[in-house]
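Participant: Handing you this structure, nothing more for now.
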Amino acid sequence: MTATTDGSTGALPPRGPSASETTAETTESTHRTDTAVLQDTAEAARRATARATDYLLSVQDPAGWWKGDLQTNVTMDAEDLMLRQFLGIQDPKLTEAAARFIRGEQCEDGTWATFYGGPGELSATIEAYVALRLAGDEPDAPHMARASAWIRAQGGIAAARVFTRIWLALFGWWKWEDLPELPPELLHFPKWFPLNIYDFGCWARQTIVPLTIVSAKRPVRPAPFALDELHTDPDNPNPPRPLARATSWDGVFQRLDKALHLYHRVALRKLRGAAMRSAARWIIERQENDGCWGGIQPPAVYSIIALHLLGYDLDHPVLRTGLASLDRFAVWREDGARMIEACQSPVWDTCLAAIALADAGLPADHPQLVKAADWMLAEQLDRPGDWSVRRPQLPSGGWAFEFDNDNYPDIDDTAEVVLALRRVDHPDPQRVEAAVRRAVRWNLGMQSRNGGWGAFDVDNTSPLPDRLPFCDFGEVIDPPSADVTAHVVEMLADVGRTHDPRTRRGIAWLLAEQEPSGAWFGRWGTNYVYGTGSVLPALAAAGIPAAHPAVRRAVRWLERVQNDDGGWGEDQRSYQDKERWAGRGASTASQTAWALMALLAAGERESEAVRRGVRWLTGTQREDGSWDEPYFTGTGFPWDFSINYHLYRQVFPLTALGRYLHGGPAAAAVEA
């Protein structure tokens, strides 16, 4: 700019800068400010990434895997105590440790919630109350009286879900006649017949098969006390309810249930006996080498009860190893409390950790990454499981979620393991390439007819199972979901299959599933933030441009739901009330990371939303490099069963920060 002079002999007075000069000066100043802010943000991200990398490396198991606690709700702990009571194998130390954990989870109003900060849940509160009574807590103790008063106000035991009333029926606290019937003859339905066992999702069939035996046997082990305080009217605990219209689905299945109750009285002994023997064989054939069933606690519990009712004593190898497997679901805390995990997630945690470390800039041949790859390679499955019922000609090649689960590999884990393995510079690349080829072939073979992918099965979309009176808790089918489909599409793009017709069908399915808001529903993570955080990186990897209308709508939605503090969060209640809760909730490390991963994939690195999100992550990191996250951001069944994956708060922020600093993983590879 030209300076003006102020002479004493008639010089012109000083003038201000012109409009164009003001604009240029302001633009330059703003540019300098923006550059400084971005530099400060990047420097904070570098420091946070270094700390988070060190932390994550420090918690790897010497064998090469990672596993964080998988926290759900107190029904796991309550049902463990009730199982031990039913079998007569109570242990005072375990009982007190479980009771300590259950008491510590009680809310001020006397209830138990199914996720952090959530409302009291009737069935969880009933089961927790019963477990504490078994542990010796008196009904007139203040914490127990608050709970029982709340239970009565919600309708008492009669209003609880079927699974809770089954547990109570085992001790005579509820009548078997007042429960939906579940006949073991179900196992003899052919695979093409409606409501055959393979119409149910794998987690549901693993639970339903043993419960058919329990339902047929209707056992009662007398309880040590009554539960009159949990009924609104102890003299009439389950008054009859009117039937729905006969022309409605509810009415049809209610009448079917009445017919099945009649059948229970007249069932041919030989036919029923053969059905129960078939169920027992089905259960035993699916027991894992470590004694569990599918690496999941609930099927293990019900399978043990069912086989015991058929005469298997507790010293039988099947039951002995089954009971021993339950101890591996226990997490002992420093205060002496004992929490039961519903399942364990080492494969999932390990592949996500490896991806995070690679994105953070850890050398691809780092010894700990190579060790993680070796462990994952050893976990690949080479035998058929229940998935092969629908795909009998498809060779195996997937990964499961848990330590021991050979029957139920899942499509989501398989896709993410492939992405992780391809980020590692392994000393035996041919071994990795062979494993990847088998996994890709398996995942492609598991695509459903509509172009999407479910978690465990193909075309597991029958609407009938959800209609059964028995199925009043959680999802019982496994239809394709946006998050799983996105991970498969991202993996296929990464291995050079972008233009494969099956990949294009998956992309088309994803684009069709976008909500009017611009978000995608999250089936296995909470919720729209997770779905959107999964889909946008997949679309980018598959070559969908950042200017695509679907991408722009998603970006606008993420910017709209960003919290004032710069983070993102979404409460579990978004599954119940989308209008109020979608994309809304206290900021969390994992959900902020999902939103950042989506925005970065959409080309928004220098946006204000990304800068604020990165600053939120760097500002909330602990000194040791970790993040705290009490909120539940994982999903087993939307709304009904929520999960707090304790490693999510570490791996996803590291992934997001690494991609902010270094860019995302390579998009599509050169077409094979």
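The values are calculated or read from the model by the stated rules, or taken from the named source; none is laboratory data. None of these values were measured; they are calculated from a predicted model. Here Cβ is always computed from backbone atoms with ideal geometry, including for glycine, and neighbour counts include all displayed protein chains.
Participant: Here are PRO545, PRO516: which of them is part of a loop (DSSP other than H, G, I, E, B), without any contact (Cβ under 8 Å) to a residue 24 or more places away in the chain and over 25 Å from ALA582 (Cβ atoms)?
Facilitator: Working: PRO516 fails: over 25 Å from ALA582 (Cβ atoms).
PRO545 is the lone residue from the list that is part of a loop (DSSP other than H, G, I, E, B), without any contact (Cβ under 8 Å) to a residue 24 or more places away in the chain and over 25 Å from ALA582 (Cβ atoms).
Here's the yes/no breakdown for (1) within 30 Å of GLN576 (Cβ to Cβ); (2) assigned to a helix (DSSP H, G or I):
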| position | (1), (2) |
| --- | --- |
| GLN85 | no, yes |
| GLY110 | yes, no |
| TYR116 | yes, no |
| ALA128 | yes, yes |
| HIS143 | yes, yes |
| ILE151 | yes, yes |
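Participant: Further, regarding this structure: Residue under question is ALA415, and the condition is that it be of a type in the set (Gly, Ala, Ser), under 25 Å from ILE507 (Cα atoms) and assigned to a helix (DSSP H, G or I); does it hold?
Facilitator: Numbers: of a type in the set (Gly, Ala, Ser): yes; under 25 Å from ILE507 (Cα atoms): yes; assigned to a helix (DSSP H, G or I): yes.
So ALA415 fits the description; yes.
Participant: Any residue at all in the range 515-529 that's under 22 Å from PRO665 (Cα atoms) and either surrounded by fewer than 20 Cβ atoms within 10 Å (Cβ to Cβ) or in contact with a Pro (Cβ under 6 Å, 6 or more places away or on another chain) (or both)?
Facilitator: no
Participant: Residues in the range 361-383: is at least one β-branched (Val, Ile, Thr) and more than 20 Å from ASN460 (Cα to Cα)? Outline the logic, then answer.
Facilitator: Step one: list which residues in the range 361-383 are β-branched (Val, Ile, Thr), which gives 370.
With more than 20 Å from ASN460 (Cα to Cα) added as a condition, the list becomes 370.
Checked the range 361-383: at least one residue is β-branched (Val, Ile, Thr) and more than 20 Å from ASN460 (Cα to Cα).
Participant: Specify which of the listed residues (ALA601, ALA609) is more than 17 Å from ALA52 (Cβ to Cβ) and touching a Pro at 6+ places or on another chain (Cβ under 6 Å). Steps first, answer last, please.
Facilitator: On the way: ALA609 fails: touching a Pro at 6+ places or on another chain (Cβ under 6 Å).
None of the other options fit; the residue is ALA601.
Participant: Conditions: (1) without any contact (Cβ under 8 Å) to a residue 40 or more places away in the chain; (2) loosely packed, with under 14 Cβ neighbours inside 10 Å; (3) assigned to a loop (DSSP other than H, G, I, E, B). ARG255 meets all but one. Number of the miss?
Facilitator: Only one criterion in (1) without any contact (Cβ under 8 Å) to a residue 40 or more places away in the chain; (2) loosely packed, with under 14 Cβ neighbours inside 10 Å; (3) assigned to a loop (DSSP other than H, G, I, E, B) is unmet by ARG255, namely (3).
Participant: Oh, and also: Filter the range 302-332 for residues that are under 22 Å from GLY273 (Cα atoms) and in a loop (DSSP other than H, G, I, E, B) and give the result.
Facilitator: Our first condition is that a residue be under 22 Å from GLY273 (Cα atoms); within the range 302-332, this holds for 302-314, 316, 318-319.
LEU310, GLY311, TYR312, ASP313, LEU314, HIS316, listed by residue number.
Participant: Still on this structure, please answer the following. Among the residues of the range 258-277, how many are in contact (Cβ under 8 Å) with a residue 12 or more places away in the chain and in a loop (DSSP other than H, G, I, E, B)?
Facilitator: Total satisfying the criteria: 1.
Participant: Also, I was wondering about something else. Residues of the range 418-434 being crowded, with 21+ Cβ neighbours inside 10 Å and part of a helix (DSSP H, G or I), which ones?
Facilitator: VAL418, LEU419, ALA420, LEU421
Participant: A further question on this structure: Taking the stated definitions as given, is GLU43 out of contact with any Pro (no Cβ under 7 Å at 6 or more places or on another chain), modelled with pLDDT under 50 and either surrounded by 10 or more Cβ atoms within 10 Å (Cβ to Cβ) or not in a helix (DSSP H, G or I) (or both)? Can you show your working first?
Facilitator: Values: out of contact with any Pro (no Cβ under 7 Å at 6 or more places or on another chain): yes; modelled with pLDDT under 50: no; either surrounded by 10 or more Cβ atoms within 10 Å (Cβ to Cβ) or not in a helix (DSSP H, G or I) (or both): yes.
No; evaluated as a whole, the condition is false for this residue.
Participant: Only one of (1) more than 29 Å from TRP348 (Cα to Cα); (2) in a loop (DSSP other than H, G, I, E, B) fails for ALA280. Which number is that?
Facilitator: (2)
Participant: State which residue is surrounded by the fewest Cβ atoms within 10 Å (Cβ to Cβ) when the search covers only the range 258-280 and only residues that are of a type in the set (Gly, Ala, Ser) and under 18 Å from LEU195 (Cα atoms). Steps first, please.
Facilitator: At the first step, the residues of the range 258-280 found to be of a type in the set (Gly, Ala, Ser) are 259, 267, 273-275, 278-280.
Next cut, under 18 Å from LEU195 (Cα atoms) only: 259, 275, 278-279.
Working: ALA259: 10, ALA275: 21, SER278: 17, ALA279: 27.
Among residues in the range 258-280 that are of a type in the set (Gly, Ala, Ser) and under 18 Å from LEU195 (Cα atoms), the one surrounded by the fewest Cβ atoms within 10 Å (Cβ to Cβ) is ALA259.
Participant: Which members of the range 622-643 meet the condition of being of a type in the set (S, T, N, Q), part of a loop (DSSP other than H, G, I, E, B) and within 19 Å of the chain's Cα centre (by Cα)?
Facilitator: Taking the range 622-643 as the starting set, the residues that turn out to be of a type in the set (S, T, N, Q) are 626, 633, 635, 642.
Checking which are part of a loop (DSSP other than H, G, I, E, B) leaves us with 626, 633.
The answer is THR633, and nothing else.
Participant: Tally the residues that are within 20 Å of GLU402 (Cα to Cα) and free of Cβ contacts under 8 Å to residues at least 40 places away in the same chain, restricting the search to the range 62-88.
Facilitator: So the count comes out to 1.
Participant: A follow-up question, please. Closer than 15 Å to GLY294 by Cα, crowded, with 23+ Cβ neighbours inside 10 Å and aliphatic (A, V, I, L, M): is that true of ALA400 in this structure? Write out each step before concluding.
Facilitator: On the way: closer than 15 Å to GLY294 by Cα: yes; crowded, with 23+ Cβ neighbours inside 10 Å: yes; aliphatic (A, V, I, L, M): yes.
Yes, satisfied.
Participant: Considering each of GLY496, GLY474, GLY445 in turn, give the residue that is surrounded by fewer than 21 Cβ atoms within 10 Å (Cβ to Cβ) and in contact with a Lys or Arg (Cβ under 6 Å, 6 or more places away or on another chain).
Facilitator: On the way: GLY496 fails: in contact with a Lys or Arg (Cβ under 6 Å, 6 or more places away or on another chain); GLY474 fails: in contact with a Lys or Arg (Cβ under 6 Å, 6 or more places away or on another chain).
GLY445 is the lone residue from the list that is surrounded by fewer than 21 Cβ atoms within 10 Å (Cβ to Cβ) and in contact with a Lys or Arg (Cβ under 6 Å, 6 or more places away or on another chain).
Participant: Within the range 638-647, does at least one residue satisfy the condition of being of a type outside the set (Ser, Thr, Tyr), at pLDDT 95 or above and under 22 Å from ARG422 (Cβ atoms)?
Facilitator: Yes, because at least one residue in the range 638-647 is of a type outside the set (Ser, Thr, Tyr), at pLDDT 95 or above and under 22 Å from ARG422 (Cβ atoms).
Participant: For GLY603, state whether it is surrounded by fewer than 23 Cβ atoms within 10 Å (Cβ to Cβ), on the phi > 0 side of the Ramachandran plot and of a type outside the set (A, V, I, L, M, F, W, C). Write out each step before concluding.
Facilitator: Numbers: surrounded by fewer than 23 Cβ atoms within 10 Å (Cβ to Cβ): yes; on the phi > 0 side of the Ramachandran plot: yes; of a type outside the set (A, V, I, L, M, F, W, C): yes.
Yes, satisfied.
Participant: Could you list, in sequence order, all residues of the range 333-389 that are free of Cβ contacts under 8 Å to residues at least 24 places away in the same chain and either part of a helix (DSSP H, G or I) or buried (at least 23 other Cβ atoms within 10 Å of the Cβ) (or both)?
Facilitator: Within the range 333-389, PRO367, ALA378, SER388 qualify.
Participant: It is to be established whether one or more residues within the range 310-328 are under 27 Å from the mean Cα position of the chain (by Cα), among the acidic types (Asp, Glu) and buried (at least 21 other Cβ atoms within 10 Å of the Cβ).
Facilitator: Scanning the range 310-328, I find no residue that is under 27 Å from the mean Cα position of the chain (by Cα), among the acidic types (Asp, Glu) and buried (at least 21 other Cβ atoms within 10 Å of the Cβ), so the answer is no.
Participant: Considering only residues that are part of a helix (DSSP H, G or I) and either of a type in the set (Phe, Trp, Tyr) or over 19 Å from ALA113 (Cβ atoms) (or both), which ones fall in the range 52-79? Even if it seems obvious, please write down each step before you answer.
Facilitator: Going residue by residue through the range 52-79, those that are part of a helix (DSSP H, G or I) are 52-58, 75-79.
Of everything in the range 52-79, those that are part of a helix (DSSP H, G or I) and either of a type in the set (Phe, Trp, Tyr) or over 19 Å from ALA113 (Cβ atoms) (or both) turn out to be ALA52, THR53, ASP54, TYR55, LEU56, LEU57, SER58.
Participant: Consider ALA582 carefully, then state whether it is over 24 Å from ILE355 (Cα atoms), in contact with a Phe, Trp or Tyr (Cβ under 6 Å, 6 or more places away or on another chain) and aliphatic (A, V, I, L, M). If you could, list the steps in order and put the result at the bottom.
Facilitator: Values: over 24 Å from ILE355 (Cα atoms): yes; in contact with a Phe, Trp or Tyr (Cβ under 6 Å, 6 or more places away or on another chain): yes; aliphatic (A, V, I, L, M): yes.
For ALA582, the condition - over 24 Å from ILE355 (Cα atoms), in contact with a Phe, Trp or Tyr (Cβ under 6 Å, 6 or more places away or on another chain) and aliphatic (A, V, I, L, M) - is met.
Participant: When the residues of the range 459-513 are filtered to those that are in a loop (DSSP other than H, G, I, E, B), acidic (Asp, Glu) and at pLDDT 95 or above, which remaining residue is nearest to LEU536 (Cα to Cα)? Walk me through how you get there before you give the answer.
Facilitator: Taking the range 459-513 as the starting set, the residues that turn out to be in a loop (DSSP other than H, G, I, E, B) are 459, 461-464, 468-477, 479-481, 495-500.
Next, from what is left, pick out any that are acidic (Asp, Glu): 459, 472, 475, 500.
This time we only want the ones that are at pLDDT 95 or above, so: 459, 500.
Details: ASP459: 24, ASP500: 19 Å.
Here the answer is ASP500.
Participant: Please indicate, with yes or no, whether at least one residue in the range 220-231 is over 29 Å from GLU127 (Cα atoms) and assigned to a helix (DSSP H, G or I).
Facilitator: The first filter runs over the range 220-231 and keeps only residues over 29 Å from GLU127 (Cα atoms), leaving none.
Checked against the condition, which is being over 29 Å from GLU127 (Cα atoms) and assigned to a helix (DSSP H, G or I), the range 220-231 yields no hits at all.
Participant: Name the one entry in VAL535, VAL555 that is over 23 Å from ALA400 (Cα atoms) and either in a helix (DSSP H, G or I) or of a type in the set (A, V, I, L, M) (or both).
Facilitator: Working: VAL535 fails: over 23 Å from ALA400 (Cα atoms).
Step by step, each of VAL535, VAL555 is checked, and only VAL555 is over 23 Å from ALA400 (Cα atoms) and either in a helix (DSSP H, G or I) or of a type in the set (A, V, I, L, M) (or both).
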